[in-house]
Structures are given as C-alpha cells and as structure tokens.
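Trainee: There's a structure below that I have some questions on.
The values are calculated or read from the model by the stated rules, or taken from the named source; none is laboratory data. Because the structure is predicted, anything quoted here is derived from the model rather than measured. Heads up, the Cβs are rebuilt from the backbone with ideal geometry, glycines too, and the neighbour counts pull from every protein chain shown.
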Amino acid sequence: MAWTYMLECGDGSYYVGSTRDLDQRAWEHGIGRGSRYTALRQPVRLVWAQEFDNIGEAWQMERKLSGWGRAKRRALVEGRFDDLPGLSARRRRSTDAG
C-alpha cells in the first residue's frame, strides 16, 4: 500500500507528498526531517491523505495535486468535491476570456 498526503504548514501553505508509510512520514515532517520545505515552515499538520495500491499510483496523484492551486487544494481538504472542476486554472482562464 501507498499514500498521497497533504500537510498544512505553519505559514498556511500546503505540501503534497507520497509515501509507503504515512505515519512515519508525517512524524518525520513533524520533527523537521521530512523535507526542506516543511522544515522551514513548522509546525505542520496532516490535513488529507488517500491510500493507493502501489507507490506509482500515489506518486501520480502527488504530481497531479502539485499542479493544483491553493483554492483547489483547500476544496479537496474541506471535502468540497463539487467545487474542484470550477477551480481548475485552465477552466478559469477560458471562462475569463469569454
């Protein structure tokens, strides 16, 4: 099993990652050893996670979420799934142009 996860950092930003051991990885981030990004933005807290069958699938989801903007990530964390399509940057641009 593998996980894609999102942390909210002390500065309000989000960090997205993937791992085979969610508890261990969250702990590492919490003590400042998970990544340079989160180490500089303590404290961090786990706000979202999804389990996958393998690390490849988890990594693909990590890449997808890494391309999302803050508002779309927040909607995911808050469970506002119906809002996700409207928060797409590509969709907003085409709507603004029309």
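Trainee: In segment 13-44, which residues are charged (D, E, K, R) and either over 19 Å from residue 76 (Cβ atoms) or touching a helix residue (DSSP H, G or I) at 6+ places or on another chain (Cβ under 8 Å) (or both)?
Mentor: 20, 21, 23, 28, 33, 36, 41
Trainee: Separate question: Being β-branched (Val, Ile, Thr) and out of contact with any Leu (no Cβ under 6 Å at 6 or more places or on another chain) is the filter here, so list the residues in segment 39-71 that pass it. Break it down stepwise before answering.
Mentor: Keep residues of segment 39-71 that are β-branched (Val, Ile, Thr), which gives 44, 47, 55.
Within segment 39-71, 47, 55 meet the criteria.
Trainee: Taking the criterion of being in a strand (DSSP E or B) and either free of Cβ contacts under 8 Å to residues at least 24 places away in the same chain or hydroxyl-bearing (Ser, Thr, Tyr) (or both), would at least one residue in segment 48-65 satisfy it? Even if it seems obvious, please write down each step before you answer.
Mentor: Initial filter on segment 48-65 (in a strand (DSSP E or B)): 48-52.
After this cut, where a residue has to be either free of Cβ contacts under 8 Å to residues at least 24 places away in the same chain or hydroxyl-bearing (Ser, Thr, Tyr) (or both) as well, the list is none.
No - not one qualifying residue is present in segment 48-65.
Trainee: Shifting gears a bit: I need every pair where a residue in segment 10-27 that is in a helix (DSSP H, G or I) has its Cβ under 6 Å from the Cβ of a residue that is polar (S, T, N, Q) and modelled with pLDDT of 95 or more, sequence separation at least 6 or different chains.
Mentor: Taking only residues 6 or more apart or on different chains, the pairs are 25/19.
Trainee: Tell me which residues, restricted to segment 42-64, are under 15 Å from residue 8 (Cβ atoms) and over 15 Å from the mean Cα position of the chain (by Cα).
Mentor: Residues satisfying the conditions are 42, 43.
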